[in-house]
Structures are given as C-alpha cells and as structure tokens.
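Structure, as structure tokens:
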Amino acid sequence: MEPKLSPEAEHAVHFRALIHRLAQKFEPLQIFSFSQNSYTQKSLGCFNDNQGYFKCDYCLFVVTETATRIDYEMQDFANTNYRQGTITIISHGRQSVMDAVRQNSRFFISVLTYGKLLYSKDGLLHCDLLPPYIPAKGAIKAIRHYEYRMPLADGFLMCASECLEKEQFGICAFMLHQAVEQACICLVRVHIAYRSEFHNLYRLLRLCTCFSEKPFQLFLSTPEDERLFDIMAKSYSGSRYKDDFTVSRQDAESLYQRVASFLLLAKQMCNEKIALLAKSASDDAVLKNADQV
C-alpha cells in the first residue's frame, strides 16, 4: 500500500495542478507568488486517527502579453477551483509592468525581484535585468496617498454616523463599506505601493494579508464577524439596487464600531510604515554619501 501523503504534500499537488490549469486556460507570460500564508491544524485523540488539516492563502501576480485585464476572470476561476485556502490574483500587461519598473515602482520591482516564480511561458522578465528599487521618495509618495485616502475614509464614517442616527441602516452599511474600501486602498498603497482598482472588500482584505494579518483578523475572526462583514460587503450593490436589502439597527451599530476601530488600526499601521519608509530613504542617502566620500 502506498504511504498516505501529508496534508502539506497533498496541498502542493493540488496547488501545482491549479497553476497548470490557470496557465492553460488564460495563457499568461508569468505567474508569481508574492505572499504565502500557511496554517496547519492536527488533532489526535481516542476517536480520530491523527487527522490533519493544511490551509494556504496566496497572493498571485500575473503578467500577460496584452494590456487586457483578465484578473477578474482568473479570480473567479481560482475561487471556484481552489478549496485549500484563498487565492488573491492581480494581473497586468507586460508593457505596463516594464513601464512601472522604469518609473521605480516599489511594488513591481519587489515582486519581480523577490517573488516566487510559479510559471513562465517564454522566460521573459529575468530578475537580473531589473533595476534596484530606489527608496528616496517612498515616504513622500506614501504620505501623499495617506493624506488623500484617510480623510475620505473618515468622511464616509461620519456619513455612516449620520445615517445611523436617522435610522437609515442600509445606507449606513454602504457608507461603512466605502470607509473600509478607502482605508484598505490606503493600506495597500502605503505598505506595498500598489494601486488597487477593485471594490470587493474580501479581495482587498486578502491583499492586505501580504503585509499584515491584522485587518483580516479584525473583521473575520469568528462566524459572527463573517456574518456582519458579509452584510457590509453586500451593501455595495444591495443598498442601491435591491428592494429587499435590509440591515437591523443592532447590526448597523456593531458594524459601525468595528469600522471605527479598523480606521484607527489603519492609521496606526500607515504611520508606522511611513516612518520605516522615511528611515529607509535616510539610510540609503547616508550610504550614497559615504560612497561618494
């Protein structure tokens, strides 16, 4: 009898098969993994036979031949076919990627240099041809995005408070959705310098996990968390287009408190990252001055 594969080994087989199917169906040039978070759970007792569970969440970056965006189609395919965790996919055309690299993009240079190459169609985008990231203006750019996005998030939270007071609970949930969306976009821009263009809160939170689990944990740690978050996520379309979309006062109040806490967390995380970016720029400048002496 063949030995039974460990949960980790079994997962690796499924994941490689998924990447192969993605490559066959969508024909990208490259697929990179720029985040991998794994979780192992084992149970041993009188009434089970050493059961094991392995879960792995990935953030994937896909390079395509043309500028036509296929990340939504790829995301739907991954959601349907990957059950051992979650996969968050973003994709860009090769020319836009190389243009961003020439413009000193922190995100694209980092992913292409340090990301794990899972698939390559023709061997393009060799890492040894990439210029190093220059951190001189990283903090300045992050501050600019922070000062634009966080006031928007605060404004939507204020609108949610007014809707809560006027018992417009469905609109309140929508305003909270907008506040979380703006805060997530800000977190992503500040931490990894990526400009996200999607509105799905689940996808945004999963993208945040490539640099911190805190946002995801705040909203999705328990079944009750998941229920409330799902209400907020559905409010994006439900509050505007569905006559039967309703939110109770209790749920609206609970969501409001969670979102208010999230904005505080987002501000703290952004400020800490901006300080690190400023230090990196300062250290880089010192090294360059030392080299010139």
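The values are calculated or read from the model by the stated rules, or taken from the named source; none is laboratory data. Everything numeric here is computed off the predicted structure, so don't read it as measured data. Virtual Cβ from ideal backbone geometry, glycine too; neighbours counted across all protein chains shown. Remember, those area values only see protein heavy atoms, side chains included, never the ligands or the DNA or RNA. Shrake-Rupley method; radii C 1.70, N 1.55, O 1.52, S 1.80 Å.
Return a yes/no flag: does the stretch 187-197 have any residue that is farther than 23 Å from residue 60 by Cα and open to solvent by less than 70 Å² (accessible area, probe 1.4 Å). Give the derivation first.
Here is the first cut: in the stretch 187-197, the residues farther than 23 Å from residue 60 by Cα are none.
No, the stretch 187-197 contains no residue that is farther than 23 Å from residue 60 by Cα and open to solvent by less than 70 Å² (accessible area, probe 1.4 Å).
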Taking interchain pairs and intrachain pairs at least six residues apart, which have beta carbon atoms under 9 angstrom, with the first residue in the stretch 32-43 and closer than 15 Å to residue 10 by Cβ and the second open to solvent by 80 Å² or more (accessible area, probe 1.4 Å) and at pLDDT below 80? 39/53; 40/53; 41/51; 41/53; 42/50; 42/51; 42/53
Can you say whether residue 131 is crowded, with 18+ Cβ neighbours inside 10 Å and farther than 30 Å from residue 232 by Cα, as far as the supplied structure shows? no
Index of the failed condition, residue 276 passing every other in (1) assigned to a loop (DSSP other than H, G, I, E, B); (2) open to solvent by 20 Å² or more (accessible area, probe 1.4 Å): (1)
Cβ pairs under 6 Å, 6+ apart or interchain, first in the stretch 102-128 and farther than 13 Å from residue 61 by Cα, second at pLDDT 95 or above and part of a loop (DSSP other than H, G, I, E, B), ordered by first then second residue, are 106/193
Candidates 193, 173, 160 - the one that is at pLDDT 95 or above, of a type outside the set (S, T, N, Q), within 22 Å of the chain's Cα centre (by Cα) and farther than 26 Å from residue 279 by Cβ: 173
The conditions are (1) at pLDDT 95 or above; (2) surrounded by fewer than 19 Cβ atoms within 10 Å (Cβ to Cβ); (3) under 21 Å from residue 188 (Cβ atoms), and residue 137 fails exactly one of them. Which is it? (1)
Flagged in the stretch 53-80 as closer than 30 Å to residue 5 by Cβ, touching a helix residue (DSSP H, G or I) at 6+ places or on another chain (Cβ under 9 Å) and either among the β-branched types (Val, Ile, Thr) or surrounded by fewer than 14 Cβ atoms within 10 Å (Cβ to Cβ) (or both), in numbering order, are 53, 62
Test: residue 182 is among the polar types (S, T, N, Q), crowded, with 17+ Cβ neighbours inside 10 Å and modelled with pLDDT of 95 or more: yes
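Considering every residue within the stretch 219-226, establish whether at least one is open to solvent by 70 Å² or more (accessible area, probe 1.4 Å) and within 20 Å of residue 178 (Cβ to Cβ). Outline the logic, then answer.
The initial filter retains those residues of the stretch 219-226 that are open to solvent by 70 Å² or more (accessible area, probe 1.4 Å), namely 221, 223-224, 226.
This time we only want the ones that are within 20 Å of residue 178 (Cβ to Cβ), so: none.
Scanning the stretch 219-226, I find no residue that is open to solvent by 70 Å² or more (accessible area, probe 1.4 Å) and within 20 Å of residue 178 (Cβ to Cβ), so the answer is no.
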Of the conditions (1) under 30 Å from residue 10 (Cβ atoms); (2) open to solvent by 20 Å² or more (accessible area, probe 1.4 Å); (3) among the small types (Gly, Ala, Ser), residue 96 satisfies every one except a single condition; which number is it? (1)
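Give me the residue from the stretch 232-248 that is part of a helix (DSSP H, G or I) and in contact with a helix residue (DSSP H, G or I) (Cβ under 6 Å, 6 or more places away or on another chain) and, out of that set, farthest from residue 193 (Cα to Cα). Full working, then the answer.
Keep residues of the stretch 232-248 that are part of a helix (DSSP H, G or I), which gives 232-241.
Then keep just the ones that are in contact with a helix residue (DSSP H, G or I) (Cβ under 6 Å, 6 or more places away or on another chain); that gives 232-233, 235-236, 239.
Details: 232: 26, 233: 24, 235: 28, 236: 25, 239: 31 Å.
If we take residues in the stretch 232-248 being part of a helix (DSSP H, G or I) and in contact with a helix residue (DSSP H, G or I) (Cβ under 6 Å, 6 or more places away or on another chain), then 239 is farthest from residue 193 (Cα to Cα).
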Mind listing whichever residues of the stretch 268-293 are among the β-branched types (Val, Ile, Thr) and either at pLDDT 70 or above or within 25 Å of the chain's Cα centre (by Cα) (or both)? 274
